[in-house]
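What follows is a single structure, written as structure tokens, with notes after it.
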Amino acid sequence: MIRLIAGRLAALIGILLALTLVVFIIDTTVPTDPVAANLGAGASQTLIKATRHALGYDQPVYVQYFRFLERILHGDLGTSLRTHNAITADLAQFAPATIELSLVAAIWIFVLSLALGLWSASGRRGAETIRVVMVSFASAPTFFLGIVFVLALYSWLGLLPASGRTTAGVATGFVLISDFFTGKFGGYMDGLRHVLMPSLVIALGPSVAIGRVLRGALLDAMRQDHVRTARSKGISEWAVLLRHALRNALTPVLSMAGLQLGLVLTGVIVVETVFAWPGLGLYTSAALVNSDFPAVIGVTLVLGAIYVIINAAVDVLQVVADPRLKQAR
Amino acid sequence: MTLLSQSERPAETVASNGPRQPVAVIQDLQVAFRSRQGRVQALRSVSLEIAAGEVIAVVGESGSGKSVLGQSILGLVARTPGAEISGSVRIAGVDMLAADDRARRAVQRHLLGAVFQDPLTSLNPTTKIGAQLTERGIRRARALANLGDAGVPSAASRAGQFPHELSGGLRQRVAIAMALGAAPAEPHKAVPTDVPVYGLGNATGTPQLIVADEPTTALDVSVQAQIVLLFDRLRREHGCAVLFVTHDLGVAASIADRIVVLYAGRICEVGPAADILGGPTHWYTKALLAARISVDTPAGAPILAIPGAPPNPTAPPPGCPFAPRCPNAQDDCRATMPDLTPRPASDGAGMASCFHPQPLRPVADRVADAAAHRIIKSPSPRDGAPFPIDEEMALELRQVSKRFVVAGGRLGLGGQDVYAVADVSLAIPSGGSLALVGESGCGKTTTLRIACGLIRPDAGEVRWGTRAGRPQLVFQDAGSSLTPWMTIGALLDEQFGRRGIPRRERRDASLALLERVGLDARAAGAKARNLSGGQRQRAAIARALASEPRLLICDEPVSALDASLAIRVLELLQALRSELGVALLTVTHDLGVARRIAEDLAVMYRGEIVEQGPVEAVFARPAHPYTEGLLAAIPTTEPGRLSPKLAGEPPSPIGRVTGCAFQPRCPFAQARCLIDKPLLRELGGGRRCACHFAEQVDGFPGLRN
């Protein structure tokens, strides 16, 4: 197991390095000259040249890359062209909102996919209806789903707020977590009501995708010989499903979950725009519109790293779930 | 570590202690399954009582309903989708077919145990053995005691392992230990009154009945013998009844007090094992005994194959299901279903469902009557050399070796070598037949792949005869070796196309070939899934023959087939030899098959040939203790003869050993065997053996009974 994790970590570092390289190449091949853009149209050639030298842009490319890496390792992702803040400071400001949204979405995904998979695999009544409803929800594009939810739950029924993280409007940091631990019940409920709709919109697609894989894998597992052995021991059908079939069905489900969580990260950008959620998504859309490349690169690096880490974790979890894989690797 | 001589049975036999309360009463059990092909009748009106502590073997071919019977008793059939069930299976007053889930589960938990065929798939691969053993609510200490009882050494550490970390034999022992661990009675537990199972079970948690469904079929012959011995010991020590489902009459004979013979979902015959085997009444039982390919059957001896095929389970005939294949069938047999009636006194105790147990014509006539009852007598070179054997070799392997590297060791370094095949030399003359036998992992399959050019050896040479094309392969599972979406005709066409036969001639050629392998023209238009197991294997042989090979390489050609079909496929292969002069290399784990099909036998152990020679000579006087042990481990139909056991399990092929590879399992091992590796040497008479004491093996006492 230690060997496996060490191997995954080594691969992880490799992939992250590759990611920085790609990002670096994009950064250096961007047609706009960041120095000229930064100094403004009236800057003299001498000043531009001096600044280029000071920032190291006249160095060979590989030196620039190593300096780029060095800066990243020191937590310096550059300065945003739009906000003129350090990008790390911007990320620190906007990331908590996105992380909170994604975590709630992940909880939704966990609950919904498990419910969908277990319910439809157990062959209970209503399973088919649930499946059809969820599949039709999941087949709609995220932005459309968001608009439909806003129309239904906000405009018509007035049940849930349609934008922002809190009613007060200004919110930074982890609203739900800090309110929960400081005992601000009202603020907690307010935050919860705000996060409900966007997180559900993000979660629906991945839940159905994972739920369907889970269903198939469970049905497969329930046909295996060892499930017959378990039944012959006289344990209840739910125990058979949860104790014997579920763990054996996890390998494909975990693969799917890893891929889908990547989609969640991209889904966040669209959903944050629809729900005016002050997170990384909103920050990125603003950066894209304003050609704020350092900001885009910063976000790409962070999201890319998260994606790679999640999938490395999936690899390890698969081996935890199925000890036979330990030998296969 | 010794070859135990035949185990003595206890003086009193368990089932003969007068009338006892039956543990299970099956009454008029009918089970059918709705499927797309129609309503499959799996069991028809089966009634049976299982007495406390008795071992009852349920024998039948595939499709006879024997597994469905076992699963009905276990209460597993009731939940199967599409099952139509009537009748009852009562255990402790609970009907396993109709009772509510709680009552059924209480019986399963407290009174029953189950062991299935493949211990790898029937244990949960992702749960530790200990957790699986205690799942019915037994204490860990008891679970460990059961493991020890089932012959699992160092039980405590095994309990912390996963099933895939154990060998096949140990896995089946774990499954048996699991069956032994029923939940003890729970007198303190408040049981709702609607569940009539208050106080089920006993204080120790020993099950009353273990249902074992083909528990030895997936195991090597040496391990099979050990598991049969284990069942015999456990039922004596624990006093639980065993329902032993098997297709192998030999296994049934070695362990059962009573035998039930099933055919097409009906009980043909039931009675004490010795009586049924000694004096079969029903014609199906007689046929089954006659069609058995046994190690005791010399190559030239006649075997009576059962003509025809079992009835279509969706539309069984109105009368006796065996009537269409029965040499003694009369009009009444075809019209009405015979009930179970007491067997003729001359045959012994028991019941049989046959109107005409006495032959209506003398046996000699019937045997001569080839149309009704085909005699299969394998042609043998000793009967006047019908085989066109010539000097040229169809296959020569010269000192062939193959090594694989398996991952292992820390940080992926130091992978270990597997010497799959080491220094193997073999030769098959044109038209000759050689069988390669051995237990799992001995390298026989790798040798086969090298012989047909599928893998390249690391060292040594493979030569096919000069006139020969590439050898062709016939696999164990014809169903998966025939492309599922192509018709048999198209598959043959493809082969003929490769040989450059003009398109218009191909159809006639395929029909001729199909006829040659015993299939009719309809088979050309059928796909593999539309054919029965035996037909599929014939189609696979036809495809192999389409390219006119001089050598046919068969990998376990009949092990997926029922006995009555197997003997006919072997007959076909022999006939092809004598007519077409095709040489055969057959890889098999079944020494009976080897004796039937080959004149030369090679025994492999851990990648090397340890004995080779003319098959009859080797059978008569094996020179290697391993061959001796293998032969002795095979069950015969002699009732109550428990096979002496070849200790240990087939070895892991990983790494190198010093001295003789068989030495850890060898009852005659001497100091010399530990350090000095015996080489394969000539013994004279065309025989070779790799044992220092080859000349003395037969002289060791206590090996043969």
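Computed from the coordinates by the stated procedures, all read-outs in this text should not be read as laboratory data. Everything quoted here is computed from the prediction, not taken from an experiment. A quick note on method: Cβ atoms are made from the backbone with ideal geometry, for glycine too, and the neighbour counts reach across all protein chains shown.
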Between residue A:51 and residue B:131, what FRET efficiency comes out of the Förster formula 1/(1 + (r/R0)^6) with R0 = 45 Å and r the beta carbon distance, rounded to 0.05?
0.10
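Set the Förster radius R0 to 35 Å, insert the Cβ-Cβ distance between residue B:406 and residue B:520 as r into 1/(1 + (r/R0)^6), and round the FRET efficiency to 0.05.
Working: r = 48 Å, r/R0 = 1.36.
Once the sixth-power term is evaluated, E becomes 0.15.
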Virtual paramagnetic centre 7 Å along Cα→Cβ of residue A:6, amide N under 18 Å, in the range A:298-329:
A:316, A:326-329
Solution diffusion estimate, µm²/s, Stokes-Einstein, the range A:198-329, Kirkwood Rh from C-alpha pairs, 4 °C, viscosity 1.567 mPa s
75 µm²/s
Suppose every K and R has +1 on its Cβ and every D and E has -1 on its Cβ; what is the size of the dipole of the range A:92-328 about the Cα centre, in Debye to the nearest 20?
980 debye
GNM on chain A, C-alpha springs below 10 Å: top fluctuator among A:211, A:146, A:78?
A:78
Quick one: if you stick a label point 7 Å off each Cα along the C-beta vector at residue A:286 and residue B:142, how many nm between them?
6.8 nm
Quick one: check the C-alpha center-to-center distance for the range B:625-664 versus the range B:481-534, whole angstrom.
42 Å
Evaluate the charge dipole of the range A:2-73 about its Cα centre and quote only its size in Debye, nearest 20, assuming +1 on the Cβ of each Lys and Arg and -1 on the Cβ of each Asp and Glu.
260 debye
Taking B:96, A:222 and counting other beta carbon atoms within 10 angstrom, the fewest-first order is A:222, B:96
Rounded to whole Å, give me the distance from the Cα center of the range A:125-200 to that of the range A:225-252.
35 Å
Averaging 1/r across every pair of distinct alpha carbons in the protein assembly as shown and inverting yields a Kirkwood hydrodynamic radius, in angstrom, of 33.8 Å
Whats the longest run of chain B with zero GluC sites (Glu not before Pro) that are DSSP loop and have at most 16 other Cβ atoms within 10 Å?
B:13-390
Give me the net charge of residue B:601's neighbourhood, meaning all other residues with Cβ under 13 Å from the Cβ of residue B:601; Lys, Arg count +1, Asp, Glu -1.
+1
Residue span residue B:671 to residue B:330: 0.36 nm per residue of separation minus Cα-Cα distance leaves a gain in nm of 116.1 nm
Going by the alpha-carbon gyration tensor, a ≥ b ≥ c the square roots of its eigenvalues, is chain A rounded (a/c under 1.5) or, if a/c is not under 1.5, prolate (a/b greater than b/c) versus oblate?
oblate
The farthest towards the positive end of the charge dipole of the protein assembly as shown, of the residues B:349, B:437, B:217, given +1 on Cβ of Lys and Arg and -1 on Cβ of Asp and Glu, is B:217
Subtract the Cα-Cα distance of residue B:49 and residue B:512 from 0.36 nm times their separation in residues, and report this length gain in nm to one decimal.
161.5 nm
GNM, chain A, Cα, under 10 Å: largest mean-square fluctuation among A:25, A:306, A:202?
A:25
Extension gain (nm, one decimal) between residue B:349 and residue B:485, 0.36 nm per residue minus Cα-Cα
43.8 nm
Could you list B:474, A:289, A:319 so that the one with the fewest beta carbons within 10 Å of its beta carbon is first and the one with the most is last?
A:289, A:319, B:474
Per DSSP H run of at least 4 residues, take -39500 (n - 2.57); add these up for chain A, divide by its residues and hand me the 222 nm value, nearest 500 deg cm²/dmol.
-24000 deg cm²/dmol
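With +1 on the Cβ of every Lys and Arg and -1 on the Cβ of every Asp and Glu, and nothing else charged, how large is the dipole of the protein assembly as shown about its Cα centre, in debye rounded to the nearest 20?
Charge dipole of the protein assembly as shown: 760 debye, to the nearest 20.
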Where labels lie 7 Å past Cα in the beta-carbon direction, separation of residue B:529 and residue B:314 in nm
1.3 nm
Rg [Å, one decimal], Dmax [Å, integer] - the range B:14-263, C-alpha atoms:
17.5, 51
Less than 12 Å Cβ to Cβ from residue B:146, Lys/Arg counted +1 and Asp/Glu -1: what total charge do the surrounding residues give?
+4
Run the quick spin-label model on residue B:466 and residue B:36: label points 7 Å from Cα toward the beta carbon, then report their separation in nm to one decimal.
5.4 nm
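Return the FRET efficiency for the residue pair residue B:164, residue B:504: r is the Cβ-Cβ distance, R0 is 56 Å, and the value is rounded to the nearest 0.05.
0.55
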Summing +1 for each Lys or Arg and -1 for each Asp or Glu, what net charge is found among the other residues whose Cβ lies under 10 Å from the Cβ of residue B:326?
+3
Flagged as over-length at 25 Å C-alpha distance, from A:233/B:66; A:326/B:677; B:286/B:527; A:233/B:128; B:66/B:444, the pairs are A:326/B:677; B:286/B:527; B:66/B:444
I'd like to know which of B:259, B:129, B:647 lies farthest towards the positive end of the charge dipole of the protein assembly as shown, counting +1 on Cβ of Lys and Arg and -1 on Cβ of Asp and Glu.
B:129
Farthest positive-ward along the protein assembly as shown dipole, Cα basis, beta-carbon charges - from B:663, A:19, B:337:
A:19
At 0.692 mPa s and 37 °C, Stokes diffusion of chain B via Kirkwood alpha-carbon radius, µm² per second:
121 µm²/s
Interchain or sequence-distant (5+) residues whose placed amide H lies within less than 5 Å of the amide H of residue B:200 are B:186
Along the range B:674-686, Karplus-curve 3J(HN,Hα) (6.51, -1.76, 1.60; θ = phi - 60°) to the nearest Hz, with x for Gly and Pro, reads 6, 10, 9, 6, x, 9, 5, 10, 6, 10, x, x, x
